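Note sheet for the following structure.
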Amino acid sequence: MQDTLNFPTTTSAATSTTGKLLQPIFLPKTPSFLRRKTTIFPTFSSKTTTIHPLKPPKIQPLPSSTPNSHPKTTLPTSSDPEFEEKTLFLDSIGLDSLSLLPPSAIAAASSLSDLKTLFDYLTSLGFSPPHLRRITTMCPEILSLRLHNTAPVFAFLLREVKVPVHHLPRVICRRPRLLVSDVETRLRPTLYFLQSIGIHEVYKHTDLLSASVEDKYLPKIEYFEKVGFAYHDSVSLFRRFPALFCYSVKDNFEPKYNYFVVEMGRDLKELKEFPQYFSFSLEKRIKPRHQCCVERGVCFPLPLMLKMKDEDFRKRLDVCCNSSMPKSNSPLWGLQKTK
């Protein structure tokens, strides 16, 4: 009996299949196996539930290292062997890369040889180190360009837009995004649109070429149609003053137009003749001068009221308010009647 009792306790898995009388002895001792199963499976399930939540924290710190929060401690020690060489090259041409550029832009830049070729080409076109510093800080995507990407843009500006060669640095510095815009899908269609509405000297307004006609320009023309302008009058506003395309409908057109109509009570004809009205500050120029005119009982034309300097405006107000009517025998009397 001792052998039969001790045997199943040591080799219970083998004896359980051979003798039926061993099962009552085996069953009381199986809770140890059951506890192993209950302890093993929950541990695996708990590991799976704890490992999956731990993955997002490993991913979340990565975006925080790419912005400017921790740039110098992560990317300069990157495994990319060209990172330090790119940084030294950019520093050699006057770009303090680690302070002016996000390290992610340097890491995504073209190869060192492509960077040298690109900047040599830009230098041959008259770009100075201050020019290069400005365009790369305003548009870091330029660092990822290669020569075959930028050459078509310069050819387009020179041949189709008629930009003089010596004006190229000024044109690009004013709108660096021109270099990263595609000629076929963006620059040329915008050029044709501007020419179609009567803006023929586009070389004076090259900063307009990089915007989308459908997304940026057509909605602004449609706004003036909605407030009462005919289509040809709306187009005429932008033809007279192309910089109007750069202003926001919500932040510029709406508040200034409402003040012009409601508070000033002026005719739309004045806006047709002087669309530059939208270029003046509503709070610092338009409202104060209109209120001064109302208090003095004077009504100046829009260009005269807004274009004068503050001192000249006050002098003009004083002249209008303090002057008396001309006498009947004065040469000005006839002029007053004709007016």
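Some observations on this one:
Listed here are the residues, each with its yes/no results for (1) open to solvent by 60 Å² or more (accessible area, probe 1.4 Å); (2) within 23 Å of the chain's Cα centre (by Cα); (3) within 30 Å of TYR192 (Cβ to Cβ); (4) polar (S, T, N, Q).
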residue: PHE83; (1), (2), (3), (4): no, no, no, no
residue: ILE93; (1), (2), (3), (4): no, no, no, no
residue: ALA108; (1), (2), (3), (4): yes, yes, no, no
residue: ARG133; (1), (2), (3), (4): yes, yes, no, no
residue: ARG146; (1), (2), (3), (4): yes, yes, yes, no
residue: GLU160; (1), (2), (3), (4): yes, no, yes, no
residue: CYS173; (1), (2), (3), (4): no, yes, yes, no
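- Residue in the stretch 102-121 that is touching a helix residue (DSSP H, G or I) at 6+ places or on another chain (Cβ under 9 Å) and under 21 Å from VAL202 (Cα atoms) present: no
- Residue within the stretch 178-200 that is open to solvent by 40 Å² or more (accessible area, probe 1.4 Å), within 23 Å of LEU115 (Cα to Cα) and either of a type in the set (Ser, Thr, Tyr) or touching a Cys at 6+ places or on another chain (Cβ under 7 Å) (or both) present: yes
- Of residues in the stretch 74-123 being at pLDDT 75 or above and among the acidic types (Asp, Glu), the one nearest to THR136 (Cα to Cα): ASP91
- In the stretch 188-201 there is no residue that is within 20 Å of the chain's Cα centre (by Cα), farther than 25 Å from SER110 by Cβ, at pLDDT 95 or above and of a type in the set (A, V, I, L, M, F, W, C).
- Single unsatisfied condition, VAL298 versus (1) open to solvent by less than 100 Å² (accessible area, probe 1.4 Å); (2) in a helix (DSSP H, G or I); (3) modelled with pLDDT of 60 or more: (2)
- Residue within the stretch 259-267 that is more than 20 Å from ALA211 (Cβ to Cβ), surrounded by fewer than 18 Cβ atoms within 10 Å (Cβ to Cβ) and among the hydroxyl-bearing types (Ser, Thr, Tyr) present: yes
- Qualifying residue in the stretch 206-225 (condition: surrounded by 15 or more Cβ atoms within 10 Å (Cβ to Cβ), in contact with a Lys or Arg (Cβ under 6 Å, 6 or more places away or on another chain) and among the charged types (D, E, K, R)): yes
The values are calculated or read from the model by the stated rules, or taken from the named source; none is laboratory data. Model, not experiment: these values are computed from the prediction. FYI the Cβ positions are ideal-geometry reconstructions off the backbone, even for glycines, and counts take in every protein chain you see. For the accessible areas, the whole protein counts, side chains as well, though only heavy atoms, and no ligand, DNA or RNA atoms are used. Shrake-Rupley method; radii C 1.70, N 1.55, O 1.52, S 1.80 Å.
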